[in-house]
Amino acid sequence: MAAIEAWKDQVSLRAPPSFTWKPPTIITTIIMGIARRENGVLKLVHPGGFVEVHRKPMAVAEIMAKNPRHYVTRPEVFKNPRLVVRPDAQLNTGDVFYIVPNHTLYRLQASQY
């Protein structure tokens, strides 16, 4: 125990006085598992909650090529599983889309019938 007390005296757990906190440069806003819309930013929410942020419009085909066996959907897909975005569509900034595994979408569609 004496060694631990001696170690605590030697180690300072505070940040140095010159340290200033800076916000992250990437915008990732998730509140209660739902990404919010922001002007000028296209957000793609991956399974697990990771939010990919883009400042330019993107083609759905490009996103689907990077994420095989996934669909690009609107956030309301869990209420209406037919809200899948067509592969030839263009995603504009200011919107939020989900990247959903195909097996999840198939299960959602099956539960509707």
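Bear in mind these aren't lab numbers, they're just calculated from the coordinates by the rules spelled out. Keep in mind that this is a model prediction, so the values were computed, not measured. Every residue, glycine among them, receives a Cβ derived from its backbone with ideal geometry; neighbour counts consider all protein chains shown.
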message: Applying a 10 Å radius around every beta-carbon, put 77-84, 93-100, 104-111 in order of their mean neighbour count, most first.
response: 93-100, 77-84, 104-111
query: Taking amide H positions as placed 1.01 Å from N in the peptide plane, with prolines and chain starts having none, which residues 5 or more places from Ala59, or on another chain, fall under 5 Å of its amide H?
result: Leu91
message: As a test of the definition: which semi-axes, in Å, follow for the range 40-113 when you take the square root of five times each eigenvalue of its alpha carbon gyration tensor? Largest first, please.
response: 21, 12, 11
